[in-house]
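The values are calculated or read from the model by the stated rules, or taken from the named source; none is laboratory data. Bear in mind that the values here come from a model prediction, so they are computed numbers and not experimental data. Cβ atoms come from the backbone with ideal geometry, glycine included; neighbour counts cover every protein chain shown. Areas reflect the complete protein model, heavy atoms only, side chains present, ligands, DNA and RNA absent. Shrake-Rupley method; radii C 1.70, N 1.55, O 1.52, S 1.80 Å.
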Amino acid sequence: MKLEEMIGEIEALSTTCSCGHDHHHIPIEKMVISSDAFSTCTSFLLKKSFKRVLLVADHNTFEAAGEKLEETIRNANIECSVCLIEPNKIGDVVADEVSIVQALLEMDEHTDALLAVGSGTLHDITRFCSAKSGKPFISIPTAASVDGFTSIGAPLIIRGVKKTFQTVSPIALFGDIDVLVNAPKEMTAAGFGDMLAKYTSLADWNFGRFIADEPYCPLAASITKEALENCVDKADKIAAGDEEGIRILLTSLIQSGLAMLVFGQSHPASGGEHHLSHYWEMEFLQKNRRQVLHGAKVGVSSVLLATLYHKWCESGELLPKALNDRSDKIAEIVERIPNEEKLTALLKQVGGPTTPEELNISGQLVERSLKEAHLLRDRFTMLKCYNIKLSQ
Ligand SMILES: [Zn+2]
């Protein structure tokens, strides 16, 4: 799907989708990735008659994009203030209660709209504030690093626990291609990792639908699958990191976000691999360790789960006894996940980490997370089923 036609195409498809769920209308009015995205953004603000906006950025994203955006907006005589989210005491900008309160304090009743300038964390802070205040927000991605730009879920750390809140999507998205191409390489690799994670998330979703009647939507699944396949087919271009590659990756990430948006929940894009990543993130916070990029973690956790699921399936001890008659179906689902070698090769091609050691995650933490991460969510993944089987 092309970015410009994506919303129209998805909305057209959702009218004929057979799943019976209420498909959410996509409230995004415009999505642009271009070299003059910031002036297009400014024209959009003028068209909406926004007189006063607040940029939410951190020191790095302000330097990379915020400064130029602020100038472009001010030149159009729109008042523009800037909220620079401060890092925590170990130097990480985190979507937690402290950052949220900082952003809320810097908004006032005259603010017409918020602009999230950055990657996932800044979007999560902004989308939460947008939902609480009722003021719309606009997405300004500065790196093709996550798929959450266009979704409604905001994973936040509250009192040290990672919890996802259903908030709002942006009303528009403007990505400056030069900013995106110049983003650090590891952020592009992380975005690719977040896309590869869809192999295990889609498998977990399919599994949960058959085994535990998890809500399912074939449209959201096929949108996610298309985004994933497009990325894998063009991995060489993404690895090159040029305009074309970055555009392909960001378009896929946006598409995956829209799948979550039409479905209303994160099932298509987040399975056991995301639960492992959330578990590691909470552990890092508790131990005062610097955070690792979300997509880097889920790339690695997808490899771990692919390995585990294939082994589990081959061992023939797939399911709790009551579900033994479904083992063929489950084997079919697992077979669609590439094996460890294939996933590792893809991640390496784009320059992402492939093992927990590369992220300084100990074998001990990996073991513990494989046993406990499924407890973070009710979602019935194969990781959860595997643990239930172990405890029988
Ligand atoms: Zn993700």
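Taking the conditions (1) at pLDDT 95 or above; (2) of a type in the set (S, T, N, Q); (3) touching an Asp or Glu at 6+ places or on another chain (Cβ under 9 Å) in turn, Ser277 satisfies each one other than (3). Scanning the stretch 177-204 for residues that are open to solvent by 10 Å² or more (accessible area, probe 1.4 Å) and within 23 Å of Glu332 (Cβ to Cβ) gives Tyr199, Leu202.
For the stretch 242-263: of the residues being more than 13 Å from Thr150 (Cβ to Cβ) and surrounded by fewer than 24 Cβ atoms within 10 Å (Cβ to Cβ), which is nearest to the ligand (Cβ to nearest atom)? If we take residues in the stretch 242-263 being more than 13 Å from Thr150 (Cβ to Cβ) and surrounded by fewer than 24 Cβ atoms within 10 Å (Cβ to Cβ), then Ile248 is nearest to the ligand (Cβ to nearest atom). Among the residues here, Ser222 does not qualify as of a type in the set (Ser, Thr, Tyr) and either open to solvent by less than 10 Å² (accessible area, probe 1.4 Å) or not in a helix (DSSP H, G or I) (or both).
State which residue is most open to solvent (accessible area, probe 1.4 Å) when the search covers only the stretch 40-87 and only residues that are free of Cβ contacts under 8 Å to residues at least 12 places away in the same chain and of a type in the set (Asp, Glu). The qualifying residue most open to solvent (accessible area, probe 1.4 Å) is Glu63. As for the stretch 274-289, it holds no residue that is in contact with a Cys (Cβ under 6 Å, 6 or more places away or on another chain) and in contact (Cβ under 8 Å) with a residue 60 or more places away in the chain.
The number of residues in the stretch 345-383 that are more than 29 Å from Lys234 (Cα to Cα), at pLDDT 95 or above and acidic (Asp, Glu) comes to 2. Look at (1) open to solvent by 10 Å² or more (accessible area, probe 1.4 Å); (2) assigned to a loop (DSSP other than H, G, I, E, B); (3) within 16 Å of the ligand (Cβ to nearest atom) and you find that Val93 fails only one, number (3). Tallying residues that are more than 10 Å from the ligand (Cβ to nearest atom), buried (at least 21 other Cβ atoms within 10 Å of the Cβ) and either more than 28 Å from Asp22 (Cβ to Cβ) or among the polar types (S, T, N, Q) (or both) within the stretch 266-291 yields 3.
Yes or no, residue by residue, for (1) in contact with a Gly (Cβ under 9 Å, 6 or more places away or on another chain); (2) modelled with pLDDT under 95:
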| residue | (1), (2) |
| --- | --- |
| Glu67 | no, no |
| Asn88 | no, yes |
| Asp108 | no, yes |
| Val117 | yes, no |
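In the set Val101, Val82, only one residue is within 23 Å of Ile177 (Cα to Cα) and more than 20 Å from the chain's Cα centre (by Cα); that residue is Val82.
The residues of the stretch 292-313 that are within 14 Å of the ligand (Cβ to nearest atom) and open to solvent by 20 Å² or more (accessible area, probe 1.4 Å), listed by number, are Val292, Leu293, His294. Where helices (runs of 4 or more DSSP H) fall wholly inside the stretch 110-218, the ranges with 3 or more residues that are more than 16 Å from the ligand (Cβ to nearest atom), over 18 Å from the mean Cα position of the chain (by Cα) and over 26 Å from Phe62 (Cα atoms) are 198-212. For the criterion of being more than 26 Å from Pro170 (Cα to Cα), out of contact with any helix residue (DSSP H, G or I) (no Cβ under 8 Å at 6 or more places or on another chain) and of a type in the set (D, E, K, R), Glu314 passes. Under 6 Å between Cβ atoms, at least 6 apart or on separate chains: pull out the pairs that start in the stretch 111-136 with a residue that is on the phi > 0 side of the Ramachandran plot and end on any residue that is open to solvent by less than 20 Å² (accessible area, probe 1.4 Å). Partner pairs satisfying both residue conditions: Gly118/Ala57; Gly118/Thr61; Gly118/Thr142.
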